[in-house]
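Structure record follows, encoded as structure tokens.
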Amino acid sequence: MDGTGELFEPLAQAMGRRDAIDVMRYPGSEPLGYDELERLVRAQLPTGQPFVLLGESFSGPLAISIAAAPPPGLRGLILCCSFARSPKPGLALLRGGLLELSMKFMHSGLMRGPMRRMLLGRFATPRLSALLQDSLRQVSTAVMTRRMREVQRVDVVDKLSQVRVPVMYLQAIDDRIVPGRAARTIQRALPGLRIVRLEGPHGLLQAAPAAAAQAIENFCRELGSPGPANP
């Protein structure tokens, strides 16, 4: 949800030089919603070559919307620890000033421990913890508040029926943020969805980059080896 792209570093290293990864970075000081971010991402997608689109967590609904009206070259879609509609109805209780206050609190030093536990859990390392904090510091409270509001109201389930490319879902066994029913909701709309369950927390691509990279490489190989683009 930070959108800085910095947290993709472990995955990029695990995939090595043989696989090209284009990371789409979101503005850290401009509060944009899903519709605006979709236009931004579409403008940066590869042209003239096949590619796979990977949407992690917050970016899943965005990736689904793009795949539902696919640009030339899109060969497959990967969703990681993500959702097609708001994963936790309780988030709707955080409204107005309470939501903004929560986002301000999230940026404070008091939340470093809880945030680390929610996103990384027992897989946290000093390096990953520092990477997480550095990423959060680059994003304003206003931006995080807007993105959380988008998560509260998002519902792109109807768009799943328009997705024609193969889709894989990477599910973290120890995910404390997105429940297992999020993948099942997507699978009901996409019976051919491949769910790959991996040991790890919500920050799966960060905490288990080698296993995630292997799953991604296997998926891409079956499609003819296009490289992934990460919104």
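From the residues in region 86-110 that are of a type in the set (Gly, Ala, Ser) and out of contact with any Leu (no Cβ under 6 Å at 6 or more places or on another chain), which one is modelled with the highest pLDDT?
Here the answer is Ser86.
Sort through Phe123, Phe83 and tell me the only one that's of a type in the set (Phe, Trp, Tyr), surrounded by 17 or more Cβ atoms within 10 Å (Cβ to Cβ), within 25 Å of Gln13 (Cα to Cα) and at pLDDT 85 or above.
Going through Phe123, Phe83 in turn, the sole match is Phe123.
Out of region 175-196, which residues are more than 20 Å from Ile64 (Cα to Cα) and surrounded by fewer than 17 Cβ atoms within 10 Å (Cβ to Cβ)?
Arg176
Among the residues of region 216-230, are any basic (Lys, Arg) and closer than 17 Å to Arg85 by Cα?
Scanning region 216-230 turns up no residue that is basic (Lys, Arg) and closer than 17 Å to Arg85 by Cα.
Return the only residue of Ala211, Ala215 being among the small types (Gly, Ala, Ser), within 25 Å of Ala68 (Cα to Cα) and touching a strand residue (DSSP E or B) at 6+ places or on another chain (Cβ under 6 Å).
Just one listed residue meets the conditions, Ala215.
Do we have any residue at all in region 139-153 that's within 25 Å of Phe51 (Cβ to Cβ) and crowded, with 19+ Cβ neighbours inside 10 Å?
Within region 139-153, one or more residues are within 25 Å of Phe51 (Cβ to Cβ) and crowded, with 19+ Cβ neighbours inside 10 Å.
Residues that are free of Cβ contacts under 8 Å to residues at least 60 places away in the same chain, more than 24 Å from Ala182 (Cβ to Cβ) and not acidic (Asp, Glu): find the helices (runs of 4 or more DSSP H) completely inside region 1-76 holding 1 or more of those.
Because the criterion is at least 1 residues that are free of Cβ contacts under 8 Å to residues at least 60 places away in the same chain, more than 24 Å from Ala182 (Cβ to Cβ) and not acidic (Asp, Glu), the helices (runs of 4 or more DSSP H) in region 1-76 that meet it are 9-15, 34-44.
Hey, does region 12-24 have a residue that's touching an Asp or Glu at 6+ places or on another chain (Cβ under 8 Å), crowded, with 20+ Cβ neighbours inside 10 Å, more than 25 Å from Gln162 (Cβ to Cβ) and modelled with pLDDT under 95?
yes
Val163 - would you say it is more than 14 Å from the chain's Cα centre (by Cα) and buried (at least 16 other Cβ atoms within 10 Å of the Cβ)?
yes
Name the pairs whose Cβ atoms lie under 6 Å apart, with the first residue in region 184-207 and at positive phi, the second exposed (fewer than 15 other Cβ atoms within 10 Å of the Cβ) and in a loop (DSSP other than H, G, I, E, B), and 6 or more positions between them or separate chains?
Correct list of pairs: empty, since none qualify.
The values are calculated or read from the model by the stated rules, or taken from the named source; none is laboratory data. None of these values were measured; they are calculated from a predicted model. Virtual Cβ from ideal backbone geometry, glycine too; neighbours counted across all protein chains shown.
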